[in-house]
Amino acid sequence: MPFYVRAGAVPSKRHIQFRRPDGGLYAEELFSTKGFESVSSLLYHLRPPTATLQIREWERHLPHFVPNDPLRNRHFATAQGNRPGDAVEGRTPILGNADLALSVADVDRTMPYFYRNVGGDELLFVHRGSGKLETPFGELAYRAHDYVLIPCGTIYRLTPDEPTRLLIYESRGQIDIPRKFRNPYGQLEEHAPYCERDFRAPELGDPVDERGEFEIRVTNAGRNAVYIVANHPFDVVGWDGYCYPSAFSADEYAPVTGKLHQPPPAHATFEAPGAAFCVFVPRLFDYHPLAIPVPYNHSSVDCDEVLYYVSGNFMSRRGISEGSITLHAAGAPHGPQPGAVEGSLGKTSTDELAVMVDTFEPLQIAETAFAFEDAQYYRSWIEPEPVLAAR
Ligand SMILES: [Fe+2]
């Protein structure tokens with residue numbers, strides 16, 4: 001997250017001699033993005049992070065993706081039937097394209113290895129559960145409704161304190177706060193739905209002073225490998241900079257409300273190459289005396305819309321429950337299901353919580369998603385036949 005943070009011990013200037021108590025040098029690492037031209041941090045390790053003992057193949061099962069053809073709206077009810085696992089191998093891919101992959105995971109165990117995605121940032125949304133993300137920058141505690149943003153290249157291990165349901169977005173690039181929320185100095189503007197105080201950085205503890213054989217599973221845009229390294233990756237005594245994992249709770253999001261219905265861009269959270277993220281949180285409805293609280297019918301011809309339903313009544317959606325994922329495909333009309341408009345009139349607030357991403361290239365469907373599909377969803381807008389009175 002691009003706010004400056006400093007933790008632990010760092011030397012007075014970058015790139016100078018910085019010595020351990022035994023007289024040896026700490027190993028400085030530049031953790032940078034977009035080459036050397038975007039946000040970065042400097043970390044100081046007890047020992048070099050480069051000591052690789054062995055590299056071998058990561059025999060990883062990656063699903064086959066198929067086009068959403070014939071083009072239609074889809075619903076995947078993922079709450080039931082997903083196999084638990086760890087936060088990486090336990091992922092069940094649902095949708096993806098060259099910009100973004102979306103999966104769910106029911107995490108019930110600690111990863112017995114470290115993981116590093118060098119292909120882009122990862123954004124984890126915590127539907128339920130709590131635990132910690134361990135990284136070289138320190139530990140980041142997470143809880144339900146947190147977004148956990150993990151910069152490209154971060155080595156991490158996720159340890160649940162209780163069973164954790166995650167929605168996972170893997171981007172091909174950097175996931176950022178939208179430009180419209182920042183002033184020219186990078187500070188969040190007054191109209192932004194969150195401020196710097198809402199973002200949590202990792203807490204750095206004592207460095208892990210261990211040598212041995214440590215397994216890091218590495219992925220980068222479809223290339224996978226297992227690295228065995230000699231020095232514990234969390235042997236950091238200090239770091240500073242603008243690039244580090246962070247957490248932000250959707251419960252802290254301050255929604256925009258209006259006289260009339262506010263479209264998804266009014267609920268923006270993050271943006272990434274080819275993707276825009278938003279969140280629908282409990283909020284007051286529109287205050288025009290004749291306002292219709294639920295959305296209008298529309299066909300988003302330029303993007304695929306993916307909603308993940310977290311909690312609440314989901315007033316405009318029939319057959320949807322917690323853990324449901326809907327894909328409203330570019331050009332496929334959708335809107336409130338029959339009865340939802342009339343049912344919404346006069347309501348003054350909603351308790352729904354749902355997270356959304358729009359992608360600007362078509363999403364494909366992972367073969368693993370079909371086990372969760374409600375194949376009749378695209379017919380859910382059919383008006384019921386009127387009941388004829390008996391003569
Ligand atoms: Fe929509």
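The values are calculated or read from the model by the stated rules, or taken from the named source; none is laboratory data. The model shown is predicted, which means the values in this text are computed figures rather than measured ones. Reconstructed Cβ throughout: ideal geometry from the backbone, glycine too, with neighbour counts over all protein chains shown.
Summary of computed values
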| quantity | calculated |
| --- | --- |
| Qualifying position, being within 23 Å of the chain's Cα centre (by Cα) and surrounded by 14 or more Cβ atoms within 10 Å (Cβ to Cβ), among 202, 207, 233 | 202 |
| The one condition in (1) under 23 Å from residue 104 (Cβ atoms); (2) under 19 Å from the mean Cα position of the chain (by Cα) that residue 334 fails to fulfil | (2) |
| Any hit, segment 348-355, residues being in contact with a Lys or Arg (Cβ under 6 Å, 6 or more places away or on another chain) and either surrounded by fewer than 16 Cβ atoms within 10 Å (Cβ to Cβ) or farther than 24 Å from residue 94 by Cβ (or both) | no |
| Residue that is modelled with the lowest pLDDT, among those in segment 329-363 that are away from the ligand (no atom under 13 Å from the Cβ) and aliphatic (A, V, I, L, M) | 340 |
| Candidate set: segment 314-328, residues that are part of a strand (DSSP E or B) and hydroxyl-bearing (Ser, Thr, Tyr); chosen: the one nearest to the ligand (Cβ to nearest atom) | 326 |
| Residue in segment 296-309 that is among the small types (Gly, Ala, Ser) and under 16 Å from residue 267 (Cβ atoms) present | yes |
| Residues of segment 3-17 satisfying the condition of being touching a residue at least 12 places away in the same chain (Cβ under 8 Å) and out of contact with any Ser or Thr (no Cβ under 9 Å at 6 or more places or on another chain) | 4, 6, 7, 8, 9, 10, 11, 14, 15 |
| Residue 146, sole failed condition from (1) over 20 Å from residue 76 (Cβ atoms); (2) over 15 Å from the mean Cα position of the chain (by Cα); (3) not aliphatic (A, V, I, L, M) | (2) |
| Residue satisfying all of: in segment 262-313; outside any strand (DSSP E or B) and under 18 Å from residue 191 (Cα atoms); nearest to the ligand (Cβ to nearest atom) among these | 264 |
| Residue 244 vs. criteria of a type in the set (Ser, Thr, Tyr), crowded, with 19+ Cβ neighbours inside 10 Å and not in a strand (DSSP E or B) | yes |
| Among residues of segment 102-123, those that are of a type in the set (Asp, Glu) and not in a loop (DSSP other than H, G, I, E, B), counted | 2 |
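Quick grid of which residues meet (1) farther than 26 Å from residue 144 by Cβ; (2) not β-branched (Val, Ile, Thr):
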position: 207; (1), (2): yes, yes
position: 214; (1), (2): yes, yes
position: 231; (1), (2): yes, yes
position: 237; (1), (2): yes, no
position: 241; (1), (2): yes, yes
position: 250; (1), (2): no, yes
position: 272; (1), (2): no, yes
